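I have placed the structure first, in the form of structure tokens, so that the comments after it can refer back to it.
The values are calculated or read from the model by the stated rules, or taken from the named source; none is laboratory data. As the structure is a prediction and not an experimental result, all values here were calculated from the model. Using ideal geometry, Cβ is built from the backbone for each residue, glycine included, and neighbour counts are taken over all protein chains shown. For the accessible areas, the whole protein counts, side chains as well, though only heavy atoms, and no ligand, DNA or RNA atoms are used. Shrake-Rupley method; radii C 1.70, N 1.55, O 1.52, S 1.80 Å.
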Amino acid sequence: MTHAAILARLAMRNVLRQRRRSVLIAVAMVLGVAMLIIFLAVGDGTHAQWIDAGVRLSGGHISVESVAFRRSASLDDRLDSAATRAVMSAIVAPRVARHVDAAAPRITVSALATSASSALPVQVLGVDPASESRFSLLPAKMTEGEFLTGSSATEAVVGQGLVDRLGLRMGSRFVVTAQTATGDVQEQLLRVRGIFRTGIREVDEGLIDIPLATARRWLAV
């Protein structure tokens with residue numbers, strides 16, 4: 001009998017002699033492996049949710065913009081009309097369209113939001129309500145009111161943090177001020193249509209969504 005066979009025979013006798021201990025060890029190993037698999041699956045799922053939330057709260061998996069805009073964040077470096085048409089044509093092309101879940105045009109500008117009680121720097125996004133509803137995470141995070149519909153030029157959705165700091169509520173009016181594409185400083189009157197809460201302080205205190213048509217008129221783009 002070989003050395004390995006002798007060891008295997010001794011091990012089997014030990015397992016059978018201490019059956020209760022053997023069963024407890026086997027159960028503990030099975031439960032340990034099962035819990036490990038569960039925790040790994042939960043961790044992977046949570047990580048995927050974080051990525052999805054980050055994508056939907058920012059610019060998406062792919063952002064098409066002018067090379068200079070990433071550095072300057074200036075309207076002077078926005079995509080011109082020809083480039084915008086080229087991008088939209090590319091998105092609906094058969095080779096590309098089947099890979100696109102949603103596409104949302106946006107105008108982004110840094111502005112100053114002012115109410116009767118305070119003023120805060122914010123980022124204003126001009127969005128197409130229909131496209132944004134399919135893409136953005138904000139419609140699902142509304143705690144009061146509703147997301148943009150495009151029915152009013154002054155409607156806006158704001159975060160709960162901004163509401164608290166500016167002393168706003170549903171229906172409140174406030175003003176955003178920014179430099180337009182022509183170099184002038186222009187104000188835009190807005191009214192709170194909806195309030196969202198994402199749990200991310202920077203978003204809840206610093207982001208405002210308004211209709212794309214309003215942003216174009218306000219910023220002269």
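With a Förster radius of 41 Å, plug the Cβ-Cβ distance of L120 and V87 into 1/(1 + (r/R0)^6) and report the FRET value to the nearest 0.05.
The pair L120/V87 has a calculated efficiency of 0.80.
For the chain, just the Cα set please: Rg and Dmax, both in angstrom.
Gyration radius and largest Cα-Cα distance of the chain: 27.8, 95 Å.
Relative to the compact globular guide of 2.2 N^0.38 Å, what is the alpha carbon radius of gyration of region 10-119, as a ratio?
Cα Rg divided by the expected 2.2 N^0.38 Å: 2.16.
How many Å³ per residue does the convex hull of the Cα positions in region 116-221 occupy?
Taking the convex hull of the Cα positions in region 116-221, it is 91 Å³ per residue.
Mind checking the full-extension length gain between A34 and R191? Use 0.36 nm per residue of separation minus the Cα-Cα distance, one decimal, nm.
Using 0.36 nm per residue and subtracting the Cα-Cα distance, I get 51.2 nm.
Does anyone have the angle between helix 81-92 and the longest principal axis of the chain? Alpha-carbon axes, 0 to 90°, nearest 10?
It is inclined by approximately 30 degrees.
What number, in percent, do you get for the relative contact order of region 1-113 if the mean sequence gap of Cα pairs under 8 Å and at least 6 apart is divided by its residue count?
13 percent
Could you check which residue among R95, R17, R193 shows the biggest mean-square fluctuation in a GNM of the chain with a 10 Å Cα cutoff?
R17
With the crude spin-label approximation of a point 7 Å out along Cα→Cβ, what separation in nm comes out for I62 versus I25?
About 5.6 nm, to one decimal.
Give the relative contact order (percent, whole number) for the chain; include only Cα pairs under 8 Å separated by 6+ residues.
It rounds to 19 percent for the chain.
Using a Gaussian network model of the chain with C-alpha springs under 10 Å, which one of V109, V87, V157 is most mobile by mean-square fluctuation?
Sorting by GNM fluctuation, first place goes to V87.
Rounded to whole Hz and in sequence order, give me ³J(HN,Hα) for region 116-130 from the Karplus expression 6.51 cos²θ - 1.76 cosθ + 1.60, θ = phi - 60°, writing x for Gly and Pro.
Karplus-based 3J(HN,Hα) across region 116-130 equals 5, 10, 6, 9, 9, x, 9, 10, 9, 10, x, 10, 7, x, 5 Hz.
Give the ranking of S63, S131 by solvent-accessible surface, highest area first, calculated with a 1.4 Å probe.
Reading off the accessible areas and sorting them downward yields S63, S131.
Report, in deg cm²/dmol and to the nearest 500, the calculated mean residue ellipticity at 222 nm for the chain, where each DSSP H run with n ≥ 4 adds -39500 (n - 2.57) and the sum is divided by the residue count.
That calculation yields -14000 deg cm²/dmol at 222 nm.
Take V100, V192 and sort them by solvent-accessible surface of the protein heavy atoms, 1.4 Å probe, largest at the top.
Largest accessible area first, the residues go V100, V192.
Quick one: helix 3-17 against the long Cα principal axis of the chain, what's the angle to the nearest 10°, folded into 0 to 90?
Roughly 80 degrees between the two axes.
Using heavy-atom solvent-accessible surface (probe 1.4 Å) with all chains present, what is the largest-first order of D209, D77?
The residues order as D77, D209, largest area first.
If I build a Gaussian network model for the chain, linking alpha-carbon pairs within less than 10 angstrom, which residue out of V55, V158, V42 has the largest mean-square fluctuation?
With Cα springs under 10 Å in the chain, the top fluctuation among V55, V158, V42 is at V42.
What spacing in nm lies between the two simple spin-label points modelled at R71 and R17, each 7 Å away from Cα in the Cβ direction?
Result for the modelled spin labels: 7.8 nm.
Taking N as the number of residues in region 81-152, what value does Rg over Cα atoms divided by 2.2 N^0.38 Å take?
Dividing the Cα radius of gyration by 2.2 N^0.38 Å gives 1.42.
For S117, tell me the accessible area in Å² from a 1.4 Å probe, rounded to the nearest 10.
Here the accessible area works out near 80 Å².
Could you give each residue of region 147-161 its phi-based ³J(HN,Hα) in whole Hz, using Karplus coefficients 6.51, -1.76, 1.60 with θ = phi - 60°, and x for Gly or Pro?
Here the 3J(HN,Hα) series is 6, 4, 10, x, 6, 10, 6, 9, 5, 8, 10, 10, x, 4, x Hz.
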